[in-house]
Structures are given as C-alpha cells and as structure tokens.
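Down below is the structure, laid out as structure tokens.
The values are calculated or read from the model by the stated rules, or taken from the named source; none is laboratory data. These figures come from a predicted structure and were not determined experimentally. Reconstructed Cβ throughout: ideal geometry from the backbone, glycine too, with neighbour counts over all protein chains shown. Ligands, DNA and RNA are stripped out before the accessible areas are found, and what is left, the full protein with its side chains, is counted by its heavy atoms. Shrake-Rupley method; radii C 1.70, N 1.55, O 1.52, S 1.80 Å.
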Amino acid sequence: AEDACGGTMRGSSGIISSPNFPNEYHNNADCTWTIVAEPGDTISLIFTDFQMEEKYDYLEVEGSEPPTIWLSGMNIPPPVISNKNWLRLHFVTDSNHRYRGFSAHYQG
C-alpha cells in the first residue's frame, strides 16, 4: 500500500521519517515505528526536520523520560534519549492540512 508505514528498526543507527518525506505526508496517517537497540543500550533520537499541523498532527514518543512525549508544530524538538533499549514512535495525522512531517536520525 502506498501509505504503508512504520515497522521495527534494528541496528546501531538509521533514519526514520514520515511517509513521503520531504514531500507532504498523507492525511489520516497512523504509523508506528519501534527502534530496538542491544540490551543495556539506550537510543538517541535527533530530529533534523519537523513540520506538522499544530495540535492536530503529532508524533508521540514512548520509552524515554517523561514516559510519553507529544511533539507537534513547526519547531524542531530537542533530542530524545531512551531510558531502555527501545523507543516507540507513533505518528498520527488528521484529514485536514498536510506538511513536510519529520525526519530523525537515531543512534544506539
């Protein structure tokens, strides 16, 4: 499917970006990525691009401190560091405006 997105990412580093990036993401997207590092390792997530419709489209990050971080709007968020060997990213958009979305580099 053209709007298939998400999945499990393994390995010490890589890039996660919203569907279609750097073009506009789709409406009504619902994507979940899980980044898994070696046991005992933590993961850093560094955003390089971030543009979403404030409040309506968001990226939810789980596995860090605080346990759930909600990211939205036009500003590049600060890096997220996991407190375990995984991070889960949940990207959700509504049926309205579309933007570039996000791109982030992760490192285990």
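Based on alpha carbons, the Rg and Dmax found for the range 1-88 are 13.1, 37 Å.
Computed over neighbours whose Cβ is under 15 Å from that of Arg100, the net charge equals -4, Lys and Arg +1, Asp and Glu -1.
The residues of the chain expose on average 54 square angstrom of accessible surface per residue, using a 1.4 Å probe on protein heavy atoms. With every protein chain in place and a 1.4 angstrom probe, the accessible-area ranking of Lys55, Lys84, largest first, reads Lys55, Lys84.
If you sort Trp86, Trp70, Trp33 by accessible surface, 1.4 Å probe, largest first, the order is Trp70, Trp86, Trp33. Report the GluC sites (Glu not before Pro) located in the range 21-97 that are in a DSSP loop and have at most 13 other Cβ atoms inside 10 Å of their Cβ, or state none. Those that pass, being in a loop and sparsely packed, are Glu54. Taking the square roots of 5 times each eigenvalue of the Cα gyration tensor of the range 53-108, largest first, gives ellipsoid semi-axes of 22, 11, 10 Å.
Provide the gained length on full extension for the span Arg10 to Ile81, in nm with one decimal, where the gain is 0.36 nm per separating residue minus the Cα-Cα distance. Display every interim value, and only then the final one.
Values: separation 71, 0.36 × 71 = 25.56 nm, distance 1.62 nm.
23.9 nm is the gain from fully extending Arg10 to Ile81.
Shown are His97, His105, His26, whose ranking by accessible area with a 1.4 Å probe and every protein chain present, most to least, is His97, His105, His26. Counted by Cβ distance under 15 Å from Ile15, the other residues give a net charge of +1, where Lys and Arg count +1 and Asp and Glu count -1.
This model, with +1 at the C-beta of Lys and Arg and -1 at the C-beta of Asp and Glu, gives the chain a dipole about its Cα centre of some 220 debye.
With θ taken as phi - 60° and the Karplus curve 6.51 cos²θ - 1.76 cosθ + 1.60 applied, the whole-hertz 3J(HN,Hα) list for the range 55-72 is 6, 9, 10, 8, 10, 9, 10, 10, x, 10, 10, x, x, 10, 10, 9, 10, 7 Hz, x standing for glycine and proline. To the nearest 10, the accessible area of Thr8 is 80 Å² with a 1.4 Å probe. In the assembled protein chains, Met74 presents an accessible area of approximately 90 Å² (probe radius 1.4 Å). The gain in end-to-end length when the Tyr56 to His97 segment is fully stretched comes to 13.9 nm, 0.36 nm per residue minus the alpha carbon separation. The residue list Pro22, Asn96, Thr48 was ranked by how far each Cα lies along the charge dipole of the chain toward its positive end, using unit charges on Cβ atoms, and Thr48 comes out on top. Using a probe of 1.4 angstrom, how much of the accessible area of the chain is carbon and sulfur, in percent? Heavy-atom surface of the chain belonging to carbon and sulfur, 1.4 Å probe: 46 percent.
Counting charges near Met74 (Lys, Arg +1; Asp, Glu -1) among other residues having Cβ under 13 Å from its Cβ returns a value of -2.
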